[in-house]
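The values are calculated or read from the model by the stated rules, or taken from the named source; none is laboratory data. Small disclaimer: the values here were computed from a predicted structure and weren't measured. Positions of Cβ are backbone-derived with ideal geometry, glycine not excepted, and every protein chain shown enters the neighbour counts. Heads up: the accessible areas ignore ligands, DNA and RNA and are worked out on the full protein's heavy atoms, side chains in. Shrake-Rupley method; radii C 1.70, N 1.55, O 1.52, S 1.80 Å.
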Amino acid sequence: MASDEKPETTPLLTLTDEAREKVLEARADEPEADNLALWVEVSGIAGATYRYEMYFRALSEAGEAETVLHNDDLSVVIGAGSADKLRGATLDYTNNGMVMNNPNSPAPPSAGYDGPPPDLSGELPQRVIEVLDTQINPAIASHGGVAELVAVDEGIAYLRLGGGCQGCGMASVTLSQGIEVALTEAIPEIIGVRDVTDHASGENPFYESAKK
């Protein structure tokens, strides 16, 4: 396990007593408050940190793609695709309001990356992330692969492939015949996909540069 990876035993998200009290206060003003959970999602990237969205929504609406944390007085639902980005984080409440202390941060672009600045904010990137999380990643997980969105620019989705897909000689086929087809069919605004993975890096890359 790499040193920056969080073990599964690490709490996914911890709320301080101050944060829990403030959330319960706010929830008490909502209709049918007892049926509501606090939903927490990573909604984008701001510089070298994640951006977050928090809101109340019925606990019964949580699907298989979400992670539900059950507590006696407050259930927390972690949005699809946000679990690994939040593992080990603490939600606190200070004089400055709600503060997310997150040990995780967005992966910087790989060396030689020439795409748009990493940005997951906006409706279109979130729709791409939903398709990745619900359709594509479950399919490529069988060989340890994962696809992460870096940015969307002029209809092109810039993706970073990880796990078994990084350095795999079949990555280009997976991208063009699988991921790109799924994304363009599901989201008409997406007209193409670009792989920005550094396939030559990693602990055990399958890729080998062409010999001269």
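So here's what we get for this one:
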quantity	calculated
Gain on full stretching of the segment that runs from residue 68 to residue 154 - 0.36 nm per residue minus C-alpha separation	27.4 nm
Apportionment of accessible area to carbon and sulfur, segment 41-105, percent (1.4 Å)	41
Inter-site label distance for residue 30 and residue 10 at 7 Å from Cα along Cβ, in nm	2.8
Extension gain from residue 105 to residue 84, taking 0.36 nm per residue of separation minus the Cα-Cα distance	6.5 nm
Calculated FRET value between residue 54 and residue 184, using beta carbons and R₀ = 41 Å, to 0.05	0.80
